[in-house]
Amino acid sequence: MNIADGIIMELQAERVSARETLSRIPDDQWGFKPHEKSMGLGQLGSHIAETFTWIDSIVENDVFEMDPTAYVPWIASSKEELLQTFDSNLDGMIAKLQGQSDEHLMGTWKMTMGGQVAMEMPRVAVIRMFMISHTIHHRAQMTVYLRMLDVPLPSIYGPSADEQPA
């Protein structure tokens, strides 16, 4: 097994709980946010789905210049659009990873902002930290939002308090 195969297996395992969590966003709570500094629930879910598109830059380039003033986050207009985009973007990431050599994934990738290095590490570390762990963090954040709205939480790494085995 190579590095890409291991990452793909992890993505496929995470897909199940991430998709189930996204599917629980109540249609009438798309804009809910627990604090004025927080993202809205629909925006948070959209960010999770959008994150998987970053793989193109990581695999295809050695350096990515991030311009925060030009970045416009994608925000789904409905749960249906969110879930379709999540599936499509994750499938695209998996397809992009297939066939990537260990040598390439261990190669250095750099993100700069205003010409200054913001991040520099092997591609595999960027994929794990900046994409996979990032989406796991936001999925956990989303479960707090859902709990505040009294939405039953799905099982993620074991049964939730709402889905205890009988």
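The values are calculated or read from the model by the stated rules, or taken from the named source; none is laboratory data. Predicted model only: the values in this text are computed from it and were never measured. Don't worry about glycine lacking a Cβ; one is built from the backbone with ideal geometry, like all the others, and counts go over all protein chains shown.
For the stretch 11-22, a residue qualifies if it is loosely packed, with under 14 Cβ neighbours inside 10 Å and in contact (Cβ under 8 Å) with a residue 24 or more places away in the chain, and exactly one does: 12.
Taken together, 133, 88, 155 contain a single residue that is among the hydroxyl-bearing types (Ser, Thr, Tyr) and in contact with an Asp or Glu (Cβ under 7 Å, 6 or more places away or on another chain), which is 155.
Suppose we keep only residues that are under 17 Å from residue 136 (Cβ atoms) and of a type in the set (S, T, N, Q) within the stretch 29-52. Which one would you say is modelled with the highest pLDDT? Going through the qualifying residues, I end up with 46. Of all the residues in the stretch 25-43, those that are assigned to a loop (DSSP other than H, G, I, E, B), touching a residue at least 12 places away in the same chain (Cβ under 8 Å) and buried (at least 17 other Cβ atoms within 10 Å of the Cβ) number 3.
Here residue 46 fulfils each of the conditions (1) outside any loop (DSSP other than H, G, I, E, B); (2) more than 12 Å from the chain's Cα centre (by Cα); (3) among the small types (Gly, Ala, Ser) apart from (2). Residues in the stretch 136-160 that are of a type in the set (A, V, I, L, M, F, W, C) and either over 18 Å from the mean Cα position of the chain (by Cα) or farther than 21 Å from residue 36 by Cβ (or both): 6 in all.
Taken over the stretch 134-166, residues that are in contact (Cβ under 8 Å) with a residue 40 or more places away in the chain and of a type in the set (Gly, Ala, Ser) amount to 1.
Of all residues assigned to the stretch 89-96, at least one qualifies as being closer than 20 Å to residue 2 by Cβ and under 12 Å from the mean Cα position of the chain (by Cα).
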